[in-house]
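Undergrad: Structure provided below as structure tokens; questions to follow.
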Amino acid sequence: MPLKQHRLANLFWFLLRSLALVFPLLFCFCETGPTLTQTSDPIEFESVWQYLKVYSIYQERLPEHAFIFETPSLLLQSLNDTIKNCTVHYTKYLDGFGYALYTASGKAGQSGSDIIFDELTDKTCQIAIKEFTTGSVHQEFLSCIGKAAPYPNVIVDLRRNGGGDLDELTAIVDEFLPAGKEYIMARERSYNRETREAVTLEWHPWTTQSPAHTALRNKRFLVRVNHMTASASEILAAALNECASALLVGQKTYGKGIGQIKLPRRGRQGLQITYLQLKGMSERIGDYHQSGIEPDSLLAPGQDEETELTAIVKMLEPNFTGTIKYPLRRTLSTASEEGAYRIIDEEILQSP
């Protein structure tokens, strides 16, 4: 090879090796944050991002750019919306599509599906609420509540009640408390349909909207709770304890002081987004999220139902020496997941 060609070849390889060293350094110095990734469904990314910006109570946890994640699922998981170090994410995709997922499991007023009423003594009755099922439990409650009128003492059994529909729950709270009563503190996201703006409403009270049911006025209440009393049922327990002087009896509750909206989307998988945080009206209940609500009277778990009910009746009737008329022996089912939720129509928002 002629000397001139040899020198040109050496210069070429020198420049090539130099560029190989410089390019990684340029990449390191120029990169200022996560890079945007490509997705096979950018419309889905935009849709999920829009609903999070509107409804998520964790606005401070939302990243500046949605597309730093490979999938919308990873974006949802990034909010780290879990409690008690468990693997359940409350902000997530829902199983199934459309509204059919959330229709009530039985017809309104169907006997025994959500509410069980029992006479225990001449002075004490018990109302067991299994869960706050969408579209049915309030009507069931109304259908049986007249039976409580003759009894001065009413036991509300919320054990194993994992929660449910917040609209059903608030309707039932209204039946227990007088109109205009503040019963729980909330911090929540709110969307204005007219201005299409979403804001965080800082801590404020929820207030009853109607007078207490005549059958539940001037009663002495006792609420049974345990470690599976969660979410919406904790709201009712706190409201009756702080606003109706009800005794809480049993074990510490689950401790889920957050609520979700369930958003069915037409043609796309539904979303569940945490939009609500809750705490008690006073220091007695306080911020019970992740810690639970302490009962006024602690009962050891594992007692048979008749023994436990007899002890509870004596808290309301100190001179009671007889036997209860009907010890509750039916098993109440448990909600599959602790919840306090509302169902939102996606059409209140602009299409992405």
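Quick note: the coordinates plus some simple rules give every number you see, no bench work behind them. No experiment lies behind these values; they were computed from the predicted model shown. Using ideal geometry, Cβ is built from the backbone for each residue, glycine included, and neighbour counts are taken over all protein chains shown.
Undergrad: Across region 62-79, in residue order, what do the Karplus-derived ³J(HN,Hα) couplings come to in whole Hz, using 6.51 cos²θ - 1.76 cosθ + 1.60 with θ = phi - 60° and x for Gly and Pro?
TA: 6, x, 5, 10, 5, 7, 6, 9, 6, 9, x, 4, 5, 4, 5, 5, 5, 6
Undergrad: What is the order of ARG196, ARG265, fewest Cβ neighbours within 10 Å to most? Working shown, then result.
TA: Values: ARG196 11, ARG265 17.
Listed from fewest to most nearby Cβ atoms, that is ARG196, ARG265.
Undergrad: Which of THR91, THR321 comes first, and how do the rest follow, when ranked by fewest Cβ neighbours within 10 Å?
TA: Working: THR91 26, THR321 6.
Starting with the residue having the fewest Cβ neighbours, the order is THR321, THR91.
Undergrad: I would also like to ask the following. Report, by chain and number, residues whose modeled amide H sits under 5 Å from the one on GLY164, excluding near sequence neighbours (fewer than 5 apart, same chain).
TA: Placed amide hydrogens put PHE132, ALA232, SER233, GLY339, ALA340, TYR341 under 5 Å from GLY164.
Undergrad: Sticking with this one: Would you mind pulling out the separation of the Cα centroids of region 118-169 and region 194-243, in Å?
TA: Going from one Cα centre to the other spans 14 Å.
Undergrad: Return the sequence-ordered ³J(HN,Hα) values of region 217-228 in whole Hz as given by the Karplus equation 6.51 cos²θ - 1.76 cosθ + 1.60 applied to θ = phi - 60°, using x for Gly and Pro.
TA: 7, 6, 9, 9, 9, 9, 10, 8, 9, 8, 5, 9
Undergrad: What ³J(HN,Hα) values, in whole Hz, does the Karplus curve 6.51 cos²θ - 1.76 cosθ + 1.60 give for region 130-140 when θ = phi - 60°, with x put for Gly and Pro?
TA: The phi angles translate into 6, 6, 9, 6, 4, x, 9, 5, 5, 5, 4 Hz.
Undergrad: Once amide H atoms are placed 1.01 Å from N in the peptide plane, what residues at a sequence separation of 5 or more from LEU94, or on another chain, have their amide H within under 5 Å of its amide H?
TA: GLY270, LEU271, GLN272
Undergrad: Moving to a separate point now. Sorted by packing (mean other beta-carbon atoms within 10 Å per residue), highest first, where do 304-317, 219-232 land?
TA: Averaged packing, sorted descending, gives the order 219-232, 304-317.
Undergrad: Something else: Under a crude label model (7 Å from the Cα following the beta-carbon direction), how far is VAL199 from CYS144 in nanometres?
TA: The two pseudo-label positions are separated by 4.2 nm.
Undergrad: In what order do LYS256, LYS123 fall by count of nearby beta-carbon atoms within 10 Å, going from fewest to most? The partial results should precede the final answer.
TA: Values: LYS256 26, LYS123 15.
Neighbour counts put them in this order, fewest first: LYS123, LYS256.
Undergrad: What residues qualify as long-range amide H neighbours of LEU248, i.e. H under 5 Å apart, gap of 5 or more or another chain, H built at 1.01 Å from N?
TA: VAL223, ASP296, SER297
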